[in-house]
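Colleague: Quick one: the structure is below, and I'll ask about it shortly.
The values are calculated or read from the model by the stated rules, or taken from the named source; none is laboratory data. The model shown is predicted, which means the values in this text are computed figures rather than measured ones. Just the protein is used for accessible areas: all its heavy atoms, side chains included, with ligands, DNA and RNA removed. Shrake-Rupley method; radii C 1.70, N 1.55, O 1.52, S 1.80 Å.
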Amino acid sequence: MARYPCSGECRCGCHPLVVPRSQRWNEKEVGNWIQKLGFPQYKDCFISNRITGRKLIFVNCSTLPRIGITDFEHMKVISHAIQKLLDIEEPLWCRSISKPHRDPMGLFLERKAPTGRRADALTLEEFLKEIDE
């Protein structure tokens, strides 16, 4: 994950938010990525559970056992790789509850995850304007 002088939540321009290309991946492309990551045994877990690039935002150590991945060391590696792929950070346990539950990119990707016209039409620029209001 890229590190910038200020926090990932800044709007000063030092951390340009870019929608990851993986957002357009289908189940097979996600499966191929998992295979290249070094876990070919889990390729079918992602494909059969219809995990697309848009759904990766919801995949973490809590959800991986539900799709058949239970080796904790593998879960940690996969979760970290997803965070890196999406350029998101998991919120710190000590964050203030007055702050959003995720960084801006994570919030955007959560909104883009569902299928449908509204989610498909939402752009990063529109979303950033919306959360700044």
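Colleague: If you take just the helices (runs of 4 or more DSSP H) that sit entirely in segment 1-90, which of them hold at least 1 residues that are open to solvent by less than 60 Å² (accessible area, probe 1.4 Å), modelled with pLDDT of 95 or more and of a type in the set (Gly, Ala, Ser)?
Modeller: Per the criteria, 27-36, 72-86.
Colleague: Could you please let me know if ILE131 is β-branched (Val, Ile, Thr) and part of a helix (DSSP H, G or I)?
Modeller: Against the criterion (β-branched (Val, Ile, Thr) and part of a helix (DSSP H, G or I)), ILE131 qualifies.
Colleague: OK, next. Please enumerate the residues belonging to segment 30-74 that are over 19 Å from ARG111 (Cα atoms) and under 15 Å from the mean Cα position of the chain (by Cα).
Modeller: To start, the set of residues in segment 30-74 that are over 19 Å from ARG111 (Cα atoms) comprises 30-49, 61-62, 64-74.
Of everything in segment 30-74, those that are over 19 Å from ARG111 (Cα atoms) and under 15 Å from the mean Cα position of the chain (by Cα) turn out to be VAL30, TRP33, ILE34, PHE46, CYS61, SER62, LEU64.
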